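Where a number appears in this text, it was derived from the coordinates with a stated rule and is not lab data. Predicted, not measured: the structure shown is a model, and the values here were computed from it. When we count neighbours, we look across all protein chains shown, and the Cβ atoms used for this are built from the backbone with ideal geometry, even at glycine.
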Amino acid sequence: MVAGSDLSVDKDKCIGCGICMASYDQLFKFDKQGKSIVIESGECEDCDIKDVIEICPHGAIAERS
Ligand code: SF4
């Protein structure tokens, strides 16, 4: 299980391509600037955090420490 609170998006790396929302719309949404932000309350029961991180071709998604 992956929770939104497990993830972070680096706004400097995000180009707003939307790939993360297309695959994980329960975990990411666009902010007002058209960049991805984490849905803090979002959860994906069948997701693997490694897959979620690797979906971003720009390396903007990371596991929150
Ligand atoms: S896949 Fe990466 S670059 Fe594209 S919107 Fe999501 S975080 Fe931003």
Practice task
Given the options Lys11, Lys50, Lys32, state which has the largest fluctuation in a GNM of the chain using a 10 Å cut-off (strictly under) for Cα springs.
Solution key: Lys32
Completion exercise
Taking GluC sites (Glu not before Pro) as exposed when in a DSSP loop with at most 16 other Cβ atoms inside 10 Å, the chain has its longest clean stretch at 1-39
Handout entry: Formal net charge of residues neighbouring Pro57 (Cβ-Cβ distance under 14 Å; K, R +1; D, E -1)
Key = -2
Practice task
Treat every Asp and Glu Cβ in the chain as -1 and every Lys and Arg Cβ as +1, leave all other atoms uncharged, and give the resulting dipole magnitude about the Cα centre to the nearest 20 debye.
Solution key: 420 debye
Practice task
Sort out for me the Cα centre separation of the range 41-65 from the range 1-25, rounded to whole Å.
Solution key: 7 Å
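Relative to the compact-globule scaling 2.2 N^0.38 Å, provide the ratio for the alpha-carbon radius of gyration of the range 2-63. Can you show the working numbers first?
Numbers: Rg = 10.1 Å, N = 62, 2.2 N^0.38 = 10.6 Å.
Compactness ratio reported: 0.96.
Among residues other than Asp6 whose Cβ falls under 14 Å from its Cβ, what is the net charge (Lys/Arg +1, Asp/Glu -1)?
Result for the local shell: -4.
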Practice task
Just need the relative contact order of the chain here, percent rounded to a whole number, with Cα pairs under 8 Å and 6+ apart.
Solution key: 48 percent
Completion exercise
Hits in the range 1-32: amide N under 13 Å from the 7 Å Cα→Cβ extension of Glu45, namely 1-2
Handout entry: Highest-fluctuation residue, Gly16, Gly34, Gly42 considered, GNM on the chain with Cα pairs under 10 Å
Key = Gly34
Handout entry: Residue-averaged 222 nm ellipticity for the chain, from DSSP H runs of 4+ at -39500 (n - 2.57), nearest 500
Key = -3500 deg cm²/dmol
Handout entry: Calculated FRET efficiency for the pair Glu63/Asp31, C-beta based, R₀ 25 Å, to 0.05
Key = 0.80
